[in-house]
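S.K.: If you scroll down you'll find the structure; I have some questions about it.
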Amino acid sequence: MKIFTMLLGLIVTSFTATGADKTNGADNFYQSDKVTHQKVTFKNQYQMNVTGNLYLPENSDRQAKMPAIIVGHPMGAVKEQSASLYAQKLAEQGFVTLAIDLSFWGESDGQPRNAVSPDIYAEDFSAAVDYLGTRSDTDKNRIGVLGICGSGSFVISAAKIDPRMKAIATVSMYDMGSVNRNALHHSLTLEQRKKIIADAAEQRYVEFTGGKTEYTSGTVHKIDENSHPIQKEFYDFYRTPRGEFTPKGSSPELTTHPTLTSNVKFMNFYPFNDIETISPRPMLFITGDRAHSKEFSEDAYKRAGQPKELYIVPGAGHVDLYDRTDLIPFEKLTAFYKANLR
């Protein structure tokens, strides 16, 4: 049942397939009639269950071994937000695709919920390679990865130590280490960073002694005319029918919000260090020319070895490339993976 509430003049509904907002090219909850879908679960090396949506081209030859692509969702999101859209669109082009929930999020294991663990996030992508590489319909030598937003930094971290990932692409990438240490455009001072770390450390005492878990960052739940444009941009996706999705067992109040005490682990996360060692495996960085996150794709591109490409989408902001199908360069992604997963 749809639940309608009035919030700041906007109609906010819980998600249903028919209620999703499709304005301005948005199609986050796209359902392809050209692919088959099944939910799959597999273990990572920590014996945690990772859950994903597996898509196969509808008329594919089950006897043939096909190339495959693993797709990771934005940080704080779940596979139903952006990742499954990309996975279906690429499956339509002849790939086996797998959109996964990172550990601690969505339907994958991990306690406490919403915890930050960059190493385990990267491990989930390698575990997805384990899973796909042992399927009879997948060519283990032709597996690529695609990371959206924060997952862009996680797939880079994973690919540095997993050469089985043969082609690496990112869309609207956030370097989750840098944005937490420095904020956008290095606007966070060292003293502000130290205050964040100190607050998280003190909160550990509270939770260790049975106190309430605190959460941080993520998408705001209210906006007004004075809200920052970036807050409005994320709100328009995560808090409206366009992209709003609450996994079973969670609540709208917690979606997108990491735990306060774990989020500081990003301070020690440097995904672009040694990125050049991924070469000669190809890398593609896609960002919008209006994206507030463009600096991260530009930084990764500058550091990466050859072959590499920075592809800038005209007229696109950061969140536009989550779901606006008239802006997302699916043809570019298809050509990249077909050329490099031959």
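The values are calculated or read from the model by the stated rules, or taken from the named source; none is laboratory data. What you see is a predicted model; the values in this text were computed from it and never measured. No Cβ is skipped: glycine too gets one built from the backbone with ideal geometry, and neighbour counts run over all protein chains shown.
S.K.: If I ask for residues that are of a type in the set (S, T, N, Q) and surrounded by fewer than 16 Cβ atoms within 10 Å (Cβ to Cβ), which ones from segment 186-205 would you list?
M.R.: Selection gives Ser187, Thr189, Gln192.
S.K.: Shifting gears a bit: Working carefully through the options Ala122, Ala115, find the one that is of a type outside the set (S, T, N, Q) and in a loop (DSSP other than H, G, I, E, B).
M.R.: After applying the criteria, what remains is Ala115.
S.K.: Mind telling me which of the residues Ser126, Ser117 ends up being surrounded by fewer than 24 Cβ atoms within 10 Å (Cβ to Cβ), in contact with a Gly (Cβ under 9 Å, 6 or more places away or on another chain), of a type outside the set (A, V, I, L, M, F, W, C) and modelled with pLDDT of 95 or more?
M.R.: Every option except Ser117 fails the conditions.
S.K.: Now for a different question. With polar (S, T, N, Q), surrounded by fewer than 24 Cβ atoms within 10 Å (Cβ to Cβ) and not in a helix (DSSP H, G or I) as the only criterion, which of Gln81, Gln88, Gln93 stands out? Lay out the reasoning, then the answer.
M.R.: Numbers: Gln81 fails: surrounded by fewer than 24 Cβ atoms within 10 Å (Cβ to Cβ); Gln88 fails: not in a helix (DSSP H, G or I).
So the residue among Gln81, Gln88, Gln93 that is polar (S, T, N, Q), surrounded by fewer than 24 Cβ atoms within 10 Å (Cβ to Cβ) and not in a helix (DSSP H, G or I) is Gln93.
S.K.: What are the residues in segment 153-182 that are outside any helix (DSSP H, G or I), within 15 Å of Asp299 (Cβ to Cβ) and touching a strand residue (DSSP E or B) at 6+ places or on another chain (Cβ under 9 Å), if any?
M.R.: Going residue by residue through segment 153-182, those that are outside any helix (DSSP H, G or I) are 161-175.
Going one step further and asking which of them are within 15 Å of Asp299 (Cβ to Cβ), we end up with 170, 172-175.
The answer is Thr170, Ser172, Met173.
S.K.: Also, quick follow-up: Identify, by number, the condition in (1) closer than 18 Å to His318 by Cβ; (2) surrounded by fewer than 14 Cβ atoms within 10 Å (Cβ to Cβ); (3) among the hydrophobic types (A, V, I, L, M, F, W, C) that Phe208 doesn't meet.
M.R.: (1)
S.K.: So which residues in segment 258-275 are assigned to a helix (DSSP H, G or I) and closer than 25 Å to Glu214 by Cα?
M.R.: Those that are assigned to a helix (DSSP H, G or I) and closer than 25 Å to Glu214 by Cα: Leu260, Thr261, Ser262, Asn263, Val264, Lys265, Phe266, Met267, Asn268.
S.K.: For the structure I just gave you, tell me whether Pro241 is surrounded by 18 or more Cβ atoms within 10 Å (Cβ to Cβ), under 24 Å from Gly317 (Cβ atoms) and modelled with pLDDT of 95 or more. Break it down stepwise before answering.
M.R.: Numbers: surrounded by 18 or more Cβ atoms within 10 Å (Cβ to Cβ): yes; under 24 Å from Gly317 (Cβ atoms): yes; modelled with pLDDT of 95 or more: yes.
Yes.
S.K.: Let me confirm something: among Ile278, Ile312, which residue is under 20 Å from Pro118 (Cβ atoms), aliphatic (A, V, I, L, M), at pLDDT 95 or above and surrounded by 15 or more Cβ atoms within 10 Å (Cβ to Cβ)? Before the answer, list the steps.
M.R.: Working: Ile312 fails: under 20 Å from Pro118 (Cβ atoms).
The unique qualifying residue is Ile278.
S.K.: Restricting attention to segment 294-322, and to residues there that are part of a helix (DSSP H, G or I) and among the hydrophobic types (A, V, I, L, M, F, W, C), which single residue is nearest to Pro271 (Cα to Cα)? Step through it out loud before you land on a result.
M.R.: Of segment 294-322, the ones part of a helix (DSSP H, G or I) are 294-303, 320-322.
Remaining after also requiring among the hydrophobic types (A, V, I, L, M, F, W, C): 296, 300, 321.
Working: Phe296: 11, Ala300: 9, Leu321: 22 Å.
The qualifying residue nearest to Pro271 (Cα to Cα) is Ala300.
S.K.: Can you find, within segment 102-141, the residue that is farthest from Thr170 (Cα to Cα) among those that are in contact with an Asp or Glu (Cβ under 6 Å, 6 or more places away or on another chain) and without any contact (Cβ under 8 Å) to a residue 60 or more places away in the chain?
M.R.: Among them, the one singled out is Ser103.
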